[in-house]
1. For segment 224-242, enumerate the residues that are over 13 Å from Glu174 (Cα atoms) and surrounded by fewer than 24 Cβ atoms within 10 Å (Cβ to Cβ).
2. Can you pull out every residue in segment 297-314 that is in contact with a His (Cβ under 7 Å, 6 or more places away or on another chain) and part of a loop (DSSP other than H, G, I, E, B)?
3. Specify the residue that is most open to solvent (accessible area, probe 1.4 Å); the eligible residues are those in segment 243-256 that are within 16 Å of Phe216 (Cβ to Cβ) and out of contact with any strand residue (DSSP E or B) (no Cβ under 7 Å at 6 or more places or on another chain).
4. When you scan segment 38-53, how many residues do you find that are farther than 29 Å from Gly127 by Cβ, out of contact with any Lys or Arg (no Cβ under 7 Å at 6 or more places or on another chain) and in a helix (DSSP H, G or I)?
5. Given the residues Asp337, Asp392, which is the only one that is under 22 Å from the mean Cα position of the chain (by Cα) and within 30 Å of Tyr124 (Cα to Cα)?
6. Would you confirm whether any residue within segment 265-274 is open to solvent by 10 Å² or more (accessible area, probe 1.4 Å), under 15 Å from the mean Cα position of the chain (by Cα) and at pLDDT below 95?
7. May I ask you to verify whether Ala364 is buried (at least 24 other Cβ atoms within 10 Å of the Cβ), assigned to a helix (DSSP H, G or I) and out of contact with any Leu (no Cβ under 6 Å at 6 or more places or on another chain)?
8. If only one of Arg232, Arg263 is assigned to a helix (DSSP H, G or I), of a type in the set (D, E, K, R) and in contact with a Gly (Cβ under 8 Å, 6 or more places away or on another chain), which one is it?
Amino acid sequence: MNTAEKAMRGFVSDFGPTAALSMESCVHCGRCAEACQFYVQTGDPRYTPIHKIAPFRQAYEREVGPFALIYRLFGLARKVTVDELTSWQDLIYDSCNMCGRCSLICPMGIDIADLVEKARHGMYTAGLAPADYLGLLAEKEHATGSPFRLSVTKFREMLHAIGDQYGVAMHVDEATADIVPTVSSIDLKTYPGSMAAIAKILNHVGESWTFRTDGFDADNVSLTAGDRDGQRATTLGVVQAATTCGAKTLLMPECGHAFTEMRWEAANAFGRKLPFRVMQITEFLAEGLADGRIRVKTVKQRATYHDACQVSRRGGATAAPRTILEALGVDLHELEDAGDANWCCGGGGGVALINRAAPLRQKAFEIKQRQVEATGMDTVYTSCSGCRQTLDHGGKAAQWNKTVGSLLELVADSLRP
């Protein structure tokens with residue numbers, strides 16, 4: 001089986017009634033183009049979201065569509081070539097955040113972001129995923145459970161070192177716990193203060209909790225790369241770790257894709273209903289502030305907030321960050337497109353991990369830059385470490401003078417007795 005056939009087989013294997021209906025429902029209205037920051041910023045019609053899955057529409061029509069036999073018999077849908085798929089790689093990976101803004105605006109209700117995810121699966125199956133940072137991290141994650149090939153011993157050492165550095169007690173590998181927080185590899189590498197903040201808040205709440213070294217990294221780079229087996233293995237590792245200690249709540253870090261994977265896909269991988277609640281950290285903080293378990297001081301600050309696509313639009317946790325900011329007394333100045341209508345930071349869906357995509361990513365970032373500057377605010381908070389990193393890097397490249405902060409760390413710094 002050649003490369004193109006492997007990709008098509010991988011794509012076709014994902015097809016169920018919903019995906020098939022989506023393929024049949026597109027009326028080519030073009031509204032999704034205006035929802036895509038890559039198209040809006042470049043004007044290039046190649047970046048129209050529905051166009052990005054064109055080769056896979058060919059596969060659908062030729063292999064599984066209602067008229068597939070006729071298409072094959074009369075040559076109405078030709079086979080996709082390896083060269084065509086290779087040239088399409090930058091559309092499937094480099095210029096799609098899988099942010100779902102196009103899905104939100106589609107008048108026919110087509111989840112284009114989900115179709116792109118299925119297309120990535122086909123590409124990965126054929127060995128056509130980007131070979132640079134994204135592909136390498138996915139391979140490491142599949143093999144070791146960590147995109148940075150972090151051993152259990154090393155992770156345990158890092159947690160205790162972070163606890164010592166920030167003066168907070170770390171709970172690690174306790175036999176039983178009501179709450180199991182997971183981590184993002186981005187935080188491990190770049191924002192260790194976020195893990196200290198989680199520990200500080202959970203100690204403040206007073207419930208039993210523990211980090212687990214047998215399933216700690218919830219990033220799931222495999223998901224964005226299209227490695228379905230790696231995605232499932234990473235998810236089940238986290239589920240099993242939480243189940244082992246009898247957790248009632250699995251707490252997802254400031255990482256958008258980690259949250260949506262565990263909230264919407266984990267039960268399918270597990271084969272039954274999860275035995276615990278899955279909460280994104282902002283949901284947990286908002287709930288704790290509402291019921292009085294988390295007590296905070298008022299913050300005298302003016303700021304704006306960047307909604308992470310996978311937390312808000314794709315995850316459903318749009319209200320929680322605003323509940324937190326209100327409880328803190330922050331004078332919030334909303335972006336022009338806020339909440340479910342937000343624009344992606346530019347690096348979601350693994351785009352931040354593709355080196356060659358840097359110029360296009362920076363171009364996409366300009367939308368967020370303009371909207372933040374329009375608020376007149378000097379501080380931007382977010383609840384996704386991937387967004388935080390993209391905004392930090394984009395701002396540095398643009399010589400931006402804005403501070404990008406973690407909502408989680410803001411709460412931890414504002415705790416009162």
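The values are calculated or read from the model by the stated rules, or taken from the named source; none is laboratory data. Bear in mind that the values here come from a model prediction, so they are computed numbers and not experimental data. Counting neighbours? That spans all protein chains shown, and the Cβs are built from the backbone with ideal geometry, glycine included. Accessible surface is based on the protein model in full, side chains and every heavy atom, while ligands, DNA and RNA are left aside. Shrake-Rupley method; radii C 1.70, N 1.55, O 1.52, S 1.80 Å.
1. The answer is Arg228, Asp229, Gly230, Arg232, Ala233, Leu236, Gly237, Val239, Gln240.
2. Residue satisfying the conditions is Gln310 alone.
3. Out of the qualifying residues, it is Thr244.
4. 1
5. Asp392
6. Within segment 265-274, one or more residues are open to solvent by 10 Å² or more (accessible area, probe 1.4 Å), under 15 Å from the mean Cα position of the chain (by Cα) and at pLDDT below 95.
7. yes
8. Arg263
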